[in-house]
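Here's the structure we're looking at; comments come further down.
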Amino acid sequence: TITDEWQVLAGVRYDEQKKEGSGNNSYAVSPKFGVIYSPADNGSIYVNYSKSFTPQGIVNNIDDVNDGKNLDPEYGEQYEVGTKWELFDGSLLLTGAVFDITVSNVTVTEEIEGSSETITTQSGEQRHKGFEMGAQGQVSDSWFMTGSMMYLDAEYHRPETDSLNGKTPVD
C-alpha cells in the first residue's frame, strides 16, 4: 500500500519442468505486477500485467508424424484493465475488465490431408482480446442474483502459409 488510494502488487513465480532422460528441461520466471487505484471506499480501478508458463509433454500418438517428440512450453503474456464497484451498501457488485492475452509457441495437432495421420507442431501465437462485465446483488432477503457476459475475439497468428492463420482456436 502506497497511500489509502493506491496499492501496488508485485510477485514472481518460478516454474521448472524436468523431463527424465530427454535433457529437454525447461524453466521460466513469470512476473506479475498490478496497480490498484481506489478513488472511493466502494470502488477500485486496476491495471495488471503478468506472464505465464505452461509445460507441455511429449506427443503420445502412434498415428502422429511427431510421435515421441518432446514439446517446448507455451508462454503467455496478459494485460488487463478493470474496475469493481459496490453500490447500495454492498448489496450490488459491478465489475468490468478489458484484456489482451498472447500465448506463444502454441501446440497444434492437425489432420494430414489425404491420410489417417496427424501432425503436432508448435509455432506462432494465439491472441485473445476482449472484455467482461458482471453484476451480482441481493435483490431481497431470500433472492441473490448474478449475471455476467464476455466478448472474446481469439485467433491464431501463424506463418501466412499456415492453414490456421487468422482462424479461431477451439475452446
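The values are calculated or read from the model by the stated rules, or taken from the named source; none is laboratory data. None of these values were measured; they are calculated from a predicted model. Note that each Cβ is placed from the backbone with ideal geometry, even for glycine, and that neighbours are counted across all protein chains shown.
Could you tell me which of the residues Thr102, Thr95 is among the β-branched types (Val, Ile, Thr), under 14 Å from the mean Cα position of the chain (by Cα) and at pLDDT 95 or above?
Only one candidate passes the filter, namely Thr102.
Under the condition of being of a type in the set (A, V, I, L, M, F, W, C) and within 30 Å of Phe99 (Cβ to Cβ), which residue from the stretch 50-80 is farthest from the chain's Cα centre (by Cα)? Within the stretch 50-80, the match that is farthest from the chain's Cα centre (by Cα) is Leu71. For the stretch 73-89, check the following and say yes or no: at least one residue is within 29 Å of Lys129 (Cβ to Cβ), small (Gly, Ala, Ser) and surrounded by 14 or more Cβ atoms within 10 Å (Cβ to Cβ). There is at least one residue in the stretch 73-89 that is within 29 Å of Lys129 (Cβ to Cβ), small (Gly, Ala, Ser) and surrounded by 14 or more Cβ atoms within 10 Å (Cβ to Cβ).
Contact map, the stretch 133-162: first residue closer than 29 Å to Thr107 by Cβ, second residue hydrophobic (A, V, I, L, M, F, W, C), Cβ cut-off under 6 Å, separation 6 or more or different chains; pairs are Tyr151/Phe131; Tyr156/Leu164; Arg158/Leu164. Screening His128 with (1) closer than 21 Å to Asn165 by Cα; (2) assigned to a loop (DSSP other than H, G, I, E, B) gives one miss only, at (2). The residue pairs whose first member lies in the stretch 31-45 and is over 25 Å from Gly11 (Cβ atoms), whose second member is β-branched (Val, Ile, Thr) and assigned to a loop (DSSP other than H, G, I, E, B), and whose beta carbons are closer than 7 Å, counting only pairs six or more residues apart or on different chains, do not exist in this structure.
Filtered by the rule that a residue be within 15 Å of Tyr75 (Cβ to Cβ) and surrounded by 13 or more Cβ atoms within 10 Å (Cβ to Cβ), the stretch 12-45 gives Arg13, Asp15, Gln17, Ser26, Ala28, Ser30, Lys32.
Condition first: farther than 22 Å from Val81 by Cα and surrounded by fewer than 15 Cβ atoms within 10 Å (Cβ to Cβ). Now tell me which residues in the stretch 92-116 satisfy that.
Matches in the stretch 92-116: Thr109, Glu110, Glu111, Ile112, Glu113, Gly114, Ser115, Ser116.
Taking the condition without any contact (Cβ under 8 Å) to a residue 12 or more places away in the chain and more than 25 Å from Ser30 (Cα to Cα), does Asn66 pass? Spelling it out, it is not the case that Asn66 is without any contact (Cβ under 8 Å) to a residue 12 or more places away in the chain and more than 25 Å from Ser30 (Cα to Cα).
Only one entry of Glu86, Glu80 meets the criterion of being touching a strand residue (DSSP E or B) at 6+ places or on another chain (Cβ under 8 Å), closer than 18 Å to Lys51 by Cα and either without any contact (Cβ under 8 Å) to a residue 40 or more places away in the chain or acidic (Asp, Glu) (or both), and that entry is Glu80.
Have a look at Gln126, Gln138 and point out the one that is more than 17 Å from Glu77 (Cα to Cα) and surrounded by 15 or more Cβ atoms within 10 Å (Cβ to Cβ). Quick ask: steps written out before the conclusion?
Numbers: Gln126 fails: more than 17 Å from Glu77 (Cα to Cα).
So the residue among Gln126, Gln138 that is more than 17 Å from Glu77 (Cα to Cα) and surrounded by 15 or more Cβ atoms within 10 Å (Cβ to Cβ) is Gln138.
Which one is farthest from the chain's Cα centre (by Cα) among residues in the stretch 142-162 that are in a loop (DSSP other than H, G, I, E, B) and surrounded by 11 or more Cβ atoms within 10 Å (Cβ to Cβ)? Step by step, filter the stretch 142-162, then rank; the result is Asp162.
Among the conditions (1) polar (S, T, N, Q); (2) loosely packed, with under 13 Cβ neighbours inside 10 Å; (3) under 30 Å from Thr121 (Cα atoms), Gln56 misses just one, which is (2).
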